[in-house]
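In what follows, a structure is listed as structure tokens, so that the remarks can point back to it.
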Amino acid sequence: MSERKQQIARHFGAAAPTYDRAARIQARIAVELAASIAAIAQPSLVLEFGCGTGNLTRALLGHFPDARLVATDLAPPMAALCRKRMDAGARLLGAGMDAELPAFASGTFDLVCGSLAAQWFSQPHQAFAALGALLRPGGVLAFTTLGTDTFQEWRAAAALLGLTAAIPRYPSLTELDWQRPPGFLVERMEEQRLWDEHPNALDFLQSLRSIGADLPADHARPLSAGALRRILRQVDAQGHVRATYHVLTLLWRRAN
């Protein structure tokens with residue numbers, strides 16, 4: 001596992017006990033993704049990547065009461081907590097897994113899905129191809145990820161100060177569609193913007209730490225403490241602190 005992947009796994013593993021109290025937006029997005037999947041599919045065997053504490057897992061189990069589900073996460077403590085919290089018996093298996101190197105045979109699943117995990121992929125195009133290969137013909141690859149306008153308030157505040165926020169560069173919906181594996185058809189592709197409200201800028205940063213998502217962009221130079229304080233003051237000066245989540249939802253069906 002690369003050093004970057006190890007960092008991601010450590011951050012999210014450490015955040016397992018605090019994730020749920022800060023993951024309001026994440027929980028909503030997971031529930032909406034499950035509903036979108038249920039509108040087009042009735043899978044019997046499901047692989048979930050980036051399961052976290054189980055927001056999407058729980059929704060999938062509710063929509064598909066006869067399905068078996070394998071819930072995986074790069075951070076084993078997350079997968080273990082997800083498995084522990086679900087009252088699903090033999091219907092649910094939990095495991096640690098790098099979704100970019102899935103450890104299952106081709107053509108195994110009816111549905112492969114993940115909510116707000118794909119933004120951590122180092123090679124998204126290759127990851128989607130590897131995950132798509134796990135599907136049977138007619139199977140669905142469904143996921144949400146973050147888009148270009150995510151945390152735009154922070155980028156703008158940093159730019160006003162002549163600084164660059166160490167936020168990852170997120171793709172547009174069109175860019176993601178270019179990464180659709182060959183032989184997959186679009187079932188659904190949409191975007192929405194949600195806003196997470198906070199009493200102040202520091203509270204927002206603490207919420208990211210609580211869910212494990214406080215890692216800077218890969219290879220980005222972290223801001224100095226002084227520069228970060230300047231950005232916090234700039235954001236607070238707006239008088240209304242909120243964070244934009246630009247959410248991209250994609251459902252692709254394997255045609256052959």
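The values are calculated or read from the model by the stated rules, or taken from the named source; none is laboratory data. On a predicted model such as this, the values are computed, not experimentally measured, just so you know. Don't worry about glycine lacking a Cβ; one is built from the backbone with ideal geometry, like all the others, and counts go over all protein chains shown. Side chains included, ligands, DNA and RNA excluded: accessible areas come from the protein's heavy atoms. Shrake-Rupley method; radii C 1.70, N 1.55, O 1.52, S 1.80 Å.
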Problem set entry | Acute angle (nearest 10 degrees) that the helix 76-85 long axis makes with the longest principal axis of the chain, alpha-carbon atoms | 70 degrees
Seminar exercise, completed: P(r) over all Cα-Cα pairs of the stretch 8-137, 10 Å bins from 0 to the longest distance, whole percent per bin, short to long, reads 13, 47, 35, 4
Problem set entry | Rounded tilt (10° steps) of 3-15 against the dominant C-alpha axis of the chain | 90 degrees
Seminar exercise, completed: By the Cα gyration tensor axes a ≥ b ≥ c (a/c under 1.5 gives rounded; else a/b larger than b/c gives prolate, otherwise oblate), the shape of the stretch 215-256 is oblate
Exercise. When DSSP beta bridges are limited to those with both residues in the chain, what percentage is antiparallel, rounded to the nearest 5?
Worked result: 55 percent
Exercise. Given 10 Å bins starting at zero, what is the percent of C-alpha pairs of the stretch 142-190 in each, up to the one with the largest pair distance?
Worked result: 22, 41, 22, 13, 2
Problem set entry | For the stretch 99-176, projected area of the alpha-carbon convex hull averaged over all directions, nm² | 5.8 nm²
Exercise. Roughly how large, in nm² to one decimal, is the mean projection of the convex hull of the alpha-carbon atoms in the stretch 184-231?
Worked result: 6.0 nm²
Problem set entry | Cα-only radius of gyration and Dmax that characterise the stretch 86-135, units Å | 11.9, 35
Exercise. Principal axis lengths of the stretch 21-92 from Cα atoms, whole Å, largest first?
Worked result: 29, 28, 20
For this session: For the stretch 108-256, take the alpha-carbon Rg, divide it by the Kirkwood Rh, and send me Rg/Rh.
Result: 1.05
Exercise. Taking only C-alpha pairs under 8 Å that are 6+ residues apart, what is the relative contact order of the chain in percent?
Worked result: 23 percent
Problem set entry | Cα centre as origin, Lys/Arg/Asp/Glu Cβ charges: the stretch 1-155 dipole, Debye | 320 debye
Exercise. For the stretch 98-256, with only Lys/Arg (+1) and Asp/Glu (-1) charged at the beta-carbon, what is the dipole magnitude about the Cα centre, in debye rounded to 20?
Worked result: 220 debye
Exercise. With θ set to phi - 60° and the Karplus curve 6.51 cos²θ - 1.76 cosθ + 1.60, what are the ³J(HN,Hα) couplings of the stretch 29-43 in order, to the nearest whole Hz, using x for Gly and Pro?
Worked result: 4, 5, 5, 5, 5, 4, 5, 5, 5, 5, 6, 10, 8, 9, x
Exercise. Can you tell me the accessible area per residue over the stretch 111-158, all protein chains present, probe 1.4 angstrom, in square angstrom?
Worked result: 29 Å²
Problem set entry | Per principal axis, descending, Cα span of the chain in whole Å | 52, 37, 34
Seminar exercise, completed: Under a Gaussian network model of the chain whose springs join Cα atoms within less than 10 Å, the largest fluctuation of Ala133, Ala79, Ala227 belongs to Ala227
Exercise. So what is the relative contact order of the stretch 1-145, in percent, for Cα pairs below 8 Å that sit 6 or more residues apart?
Worked result: 24 percent
Problem set entry | C-alpha long axis of helix 201-211 to longest principal axis of the chain, angle in ° | 30 degrees
Problem set entry | Amide H partners (placed H, <5 Å) of Leu45, local residues excluded | Arg68, Asp110, Leu111
Exercise. Ignoring ligands, DNA and RNA, what percent of the 1.4 Å accessible area of the chain is carbon and sulfur?
Worked result: 53 percent
